[in-house]
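Here's the structure we're looking at; comments come further down.
The values are calculated or read from the model by the stated rules, or taken from the named source; none is laboratory data. If you're wondering where the values come from, they're calculated on a predicted model, not measured in any experiment. With ideal geometry, Cβ positions are generated from the backbone for all residues, glycine too; neighbour counts draw on all protein chains shown. Side chains are part of the model used for accessible areas, which takes the heavy atoms of the whole protein and leaves out ligands, DNA and RNA. Shrake-Rupley method; radii C 1.70, N 1.55, O 1.52, S 1.80 Å.
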Amino acid sequence: MTVKEYVSSRKEFIKNLVSQLDFEPCLAIVQVNDDPASDAYVRGKLKDSAEVGIKALHIKLDPSITEQQLLEKIDQLNNDDSVHGLIVQMPLPKQISEDKIKLAVSPKKDVDGFHPLSSFIACTPKGILNYLKSEKVEFVSKNAVVVGRSNIVGRPMAKLLLDESANVTVIHSKTSQEDKIKYLSNADIVVVAVGRKWFLDHTYNLKKDAVLVDVGINRVDGKLYGDIEPNMDVKLQTPVPGGVGLLTRLALLENLIEAATKK
């Protein structure tokens, strides 16, 4: 099943679930920037929410606000029982600490999964894992390589794969080229999240039955490119666009339903 088909079927399932609830699940999206990419992400989240019957509040604040003003707004939403999930769209203006804001969101409402005590799995790794499971990808004793060690994708992805009993290696900017070649040539599952156009290309000798997950979204001359060169000679490769971005947005909906229905 393609990513689009999988996401479409899961959305139908969520829509049916929401229709049986006696209340309206609510997601609050706080945006404090004029970033075009953020605008596009927020539009996508609003569209997804409308499709499955979730109420989405888009709270756009002036980028010149103080950190304290934003913290007060988050506190207000944390204490609003009608709001089940709360996300703060990144990036934030330079006068506001990203870490402080992530910690301010209540772990019970942190449907992005960024808070260290969050009740939820970070959306991108969760979406990837669930899709691979739907495709009957095996994890136990398989060699999984995660390229990139960010707190949003790389590290939580490595943990999820470890939890599935895969043998996990994380490679990064300080890994030697010789080691990159060695680990990747032996990999059964590869997740690339480095933000570099075609970091993984046809010069690497990969297993024919490898599974490649492309998290990258790179804009070059107005076009979108992934971190992996298209049409690699492997068993499964997620596309860009139309791949991990959709899985991330789906996982956000799933986390929100979990937040709304938790007793």
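Among the residues of segment 232-255, are any assigned to a loop (DSSP other than H, G, I, E, B), open to solvent by 40 Å² or more (accessible area, probe 1.4 Å) and touching a residue at least 40 places away in the same chain (Cβ under 8 Å)? Yes: segment 232-255 contains one or more residues that are assigned to a loop (DSSP other than H, G, I, E, B), open to solvent by 40 Å² or more (accessible area, probe 1.4 Å) and touching a residue at least 40 places away in the same chain (Cβ under 8 Å).
The residues on offer are 105, 83, and the sole one that is of a type in the set (Val, Ile, Thr) and touching a Cys at 6+ places or on another chain (Cβ under 7 Å) is 83.
Among the conditions (1) closer than 18 Å to residue 255 by Cβ; (2) of a type in the set (Ser, Thr, Tyr); (3) over 21 Å from the mean Cα position of the chain (by Cα), residue 64 misses just one, which is (1). Among the residues of segment 158-187, the one identified as without any contact (Cβ under 8 Å) to a residue 24 or more places away in the chain and β-branched (Val, Ile, Thr) is 175. With respect to being touching a strand residue (DSSP E or B) at 6+ places or on another chain (Cβ under 7 Å), part of a strand (DSSP E or B), over 20 Å from residue 5 (Cα atoms) and not acidic (Asp, Glu), residue 191 fits the description. For segment 20-48, the set of residues classified as open to solvent by less than 10 Å² (accessible area, probe 1.4 Å), over 18 Å from residue 73 (Cβ atoms) and over 17 Å from the mean Cα position of the chain (by Cα) consists of 25 only.
If you go through segment 211-224 and pick out every residue that is at pLDDT 95 or above and open to solvent by 20 Å² or more (accessible area, probe 1.4 Å), you end up with 1. Identify all residues within segment 211-247 that are touching a helix residue (DSSP H, G or I) at 6+ places or on another chain (Cβ under 8 Å) and polar (S, T, N, Q); write none if there are none. Selection gives 238 alone. Among the residues of segment 201-210, none qualifies, meaning not one is of a type in the set (S, T, N, Q) and under 14 Å from the mean Cα position of the chain (by Cα). Put simply, of 151, 167, 78 the only residue that is open to solvent by 50 Å² or more (accessible area, probe 1.4 Å), of a type in the set (S, T, N, Q) and farther than 19 Å from residue 187 by Cα is 151.
Here are 208, 197, 142, 182: which of them is more than 20 Å from residue 229 (Cα to Cα) and either in contact with a helix residue (DSSP H, G or I) (Cβ under 7 Å, 6 or more places away or on another chain) or open to solvent by 60 Å² or more (accessible area, probe 1.4 Å) (or both)?
142
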